[in-house]
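The values are calculated or read from the model by the stated rules, or taken from the named source; none is laboratory data. Just so you know, these numbers come straight off a predicted model, no measurement behind them. Note that we place each Cβ from the backbone using ideal geometry, even for glycine, and neighbour counts take in every protein chain shown.
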Amino acid sequence: MNISMYQASTARFANMLKNLSAILDKAQAHAEANKIEPTVLTNCRLFPNMFPMKRQVQIACDTAKGAVARLAGVEVPKHEDTEETFAELKARIAKTVDFIQGVKPAQIDGSEEKNIHLKLGPREVDYKGMQYLLGHAIPNFYFHVTRPRTTSCATTAWSSPSVTTSPTPSARQ
């Protein structure tokens, strides 16, 4: 059984973005239950040199919509990076999912050998469609889509009264 370029891209991106939206719901519920200003979490960084949670969501959305648009040969929609709240981040995810699901399978299927040209900072890189999807877009997407979950888990754990500063799980009991 073969998997199509559409199934490997749009379907996977949409599924994971919907999961990410559900994770943001949990983070917002945690913030509300513990009287934490929600932007404390959306601006939280897992590590000082990493982007904050809100930027990770923006990049995950940009990667998904960019990959689908490039493979389909349509213009990449522009989204301003102004989101601060969970509601704004969820709206961005919904806008991204609506766009990528609006692209038809016939627009993407058969793009395995399509030339994809990217400007990545000062570098310019050329890919074939399959190489771009599997070697660049999907790994980049999964990297950024998992950062908010990791950040949310970390901030939830460290803001919980049952967690101490002890580094070992056995010392937390």
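Looking at 8, 22, which is the one that is among the small types (Gly, Ala, Ser) and under 17 Å from residue 87 (Cβ atoms)?
Details: 8 fails: under 17 Å from residue 87 (Cβ atoms).
From the options 8, 22, the qualifying one is 22.
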For residue 130, state whether it is touching a helix residue (DSSP H, G or I) at 6+ places or on another chain (Cβ under 9 Å), over 23 Å from residue 38 (Cα atoms) and either exposed (fewer than 14 other Cβ atoms within 10 Å of the Cβ) or touching a residue at least 24 places away in the same chain (Cβ under 8 Å) (or both).
yes
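Looking at 134, 71, which one is at pLDDT 95 or above, in contact with a Ser or Thr (Cβ under 9 Å, 6 or more places away or on another chain), of a type in the set (A, V, I, L, M, F, W, C) and assigned to a helix (DSSP H, G or I)? Walk me through how you get there before you give the answer.
Details: 134 fails: in contact with a Ser or Thr (Cβ under 9 Å, 6 or more places away or on another chain).
Unique residue meeting the criteria: 71.
For residue 152, state whether it is modelled with pLDDT under 95 and over 15 Å from the mean Cα position of the chain (by Cα). Give the steps one after another, and end with the answer.
Working: modelled with pLDDT under 95: yes; over 15 Å from the mean Cα position of the chain (by Cα): no.
So residue 152 does not fit the description; no.
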Which of the numbered conditions does residue 86 fail, given that it passes all the others? Conditions: (1) farther than 22 Å from residue 7 by Cα; (2) free of Cβ contacts under 8 Å to residues at least 24 places away in the same chain.
(2)
Report the residue count in segment 26-69 for those that are buried (at least 21 other Cβ atoms within 10 Å of the Cβ), under 14 Å from the mean Cα position of the chain (by Cα) and within 16 Å of residue 85 (Cβ to Cβ).
7
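Being of a type outside the set (A, V, I, L, M, F, W, C), farther than 11 Å from residue 99 by Cα and out of contact with any Phe, Trp or Tyr (no Cβ under 8 Å at 6 or more places or on another chain) is the filter here; which residues of segment 63-74 pass it? Step through it out loud before you land on a result.
Step one: filter segment 63-74 for residues of a type outside the set (A, V, I, L, M, F, W, C), giving 63, 65-66, 70, 73.
After this cut, where a residue has to be farther than 11 Å from residue 99 by Cα as well, the list is 63, 70, 73.
Hit for segment 63-74 is 73, nothing else.
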Pick from segment 86-121, criterion in a loop (DSSP other than H, G, I, E, B) and at pLDDT 95 or above, ranking: surrounded by the fewest Cβ atoms within 10 Å (Cβ to Cβ)
113
